[in-house]
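What follows is a single structure, written as structure tokens, with notes after it.
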Amino acid sequence: MRAIGYTNAGPVSEKDALQEFEMDMPKPGPYDLLVEVRGISVNPVDVKVRGRAQPKGAPGVLGFDAAGIVKEAGSASTRFRPGDEVFYAGDITRPGTNAEFHAVDERLVGRKPSSLGFAEAAAMPLTTITAWEILFDSFRLTEGEGAGEALLVIGGAGGVGSILIQLAKKLTGLSVIATASRPDTTAWVEKMGADHVVNHRKALDQEMQALGISPLYVASLTNTDRHLASINELIKPRGHIALIDDPASLDILPLKRKALSISWEFMFARSMFHTEDMDAQHLLLNRVADLLDKGTLIPTVNRHAGTLSVANLQSAHEFQASGTAIGKTVLDGFR
């Protein structure tokens, strides 16, 4: 089958940073599905892995989000059968979705929303799982809870921020403040449902003070090291900070005086360590598919980059790496 991958870690601007090649069709294990990939999306993790992780042996195939059609189900598979349309974010320890076919553990897979096309559906899984786990695993909220409290989403116009705003507004009682710094990103987070917008190019504690809001929860999705001092000032005592980025260093000692909690969200942890609750991602993706089909949630696609090819994927990676991406960038599968 055809696939797109890389042989040397480094910037996407380098010659032959991405290459098309032939590889063997995956053989599904007992709990696996073999999926014909019809749509993919690009995430910051694709850029990070390609830039830092040297592939071992064969070229490394990137891509984590996918939507497609089940072609074969493993011997122990019970949730799906051939012909089913699915979407998922996969497993960072296995070859990725930038290929014609892909093998994935069915416990990580949900039914594709029937109201969305394949590429549009592929925008949702990784960011939605991340946002869901921030709200309901890290913050330990339950649905309908949170009235009278606020959530600050730093980096609200990115992929995770776009769906986190929606989930918080639709499934909890929290008010949501999102950060943005340009007219287009401000308009986007307002479209996603943010109650207030503040500028992350300015001191966030001063921005929040001007609003008169002290949030109990902060989702720091980007530049945590730059904003941590401000977060410590603006957050309520005994509040909770969740982050997803990779600060070079993080001094959390100043957080002690407010008895703050801090946690990392990494949606691949369940699949990497085969946790007993891996099935949680299957269940939440099915729930999200229902919410999308009902119109409770809206898709977060903001750019369609064409059909999967080296040139189109490289352009999508460059756009993701630029730091100006809004929402999600998607591509159709190989043609």
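Read-outs throughout are calculated quantities, based only on the coordinates presented, and are distinct from any laboratory measurement. Since the model is a prediction, treat every value here as computed from it, not as a measurement. With ideal geometry, Cβ positions are generated from the backbone for all residues, glycine too; neighbour counts draw on all protein chains shown.
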Dipole moment magnitude, nearest 20 debye, region 130-264 about Cα centre, only Lys, Arg, Asp, Glu C-beta charged
240
Label selected from (i) 6, 27, 34, 23, 9, 1; (ii) 5, 21, 25, 20, 14, 10, 4, 0; (iii) 6, 27, 38, 24, 5, 0, the criterion being P(r) over Cα pairs in 10 Å bins from 0, in percent as computed here:
(i)
The chain: most fluctuating residue of 192, 278, 23 per GNM, C-alpha cutoff 10 Å
23
How far is the Cα center of region 168-224 from the Cα center of region 4-67, in Å?
33
Within the chain, helix-based [θ] at 222 nm, where runs of 4 or more DSSP H residues each add -39,500 (n - 2.57), nearest 500
-8500 deg cm²/dmol
Rounded, prolate or oblate, given the Cα gyration tensor of region 130-264, with a/c below 1.5 counting as rounded?
rounded
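Could you give the length gained on full extension between residue 21 and residue 253, defined as 0.36 nm per residue of separation minus the Cα-Cα distance, in nm?
Once the chain is fully extended between residue 21 and residue 253, it gains 78.6 nm.
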If one builds a Gaussian network model of the chain from Cα atoms under 10 Å apart, the most fluctuating residue listed among 71, 256, 236 is 256
For residue 258, the lysines lying under 16 Å Cα to Cα, once residues fewer than eight places off in the same chain are dropped, come out as 236
Order of 165, 231 under a 10 Å beta carbon neighbour criterion, fewest first:
231, 165
Mean separation of Cα contacts under 8 Å, 6 or more apart, over the residue count of the chain: relative contact order %:
20
Exposed loop GluC sites (Glu not before Pro) only (DSSP loop, at most 14 other Cβ atoms within 10 Å): please give the longest stretch of the chain free of them, not including the sites.
144-275
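Going through the cross-link list 27/112; 27/56; 48/112; 71/170; 48/71, which pairs have a Cα-Cα distance over 24 Å in this structure?
Distance filter (> 24 Å) returns 48/112; 71/170; 48/71.
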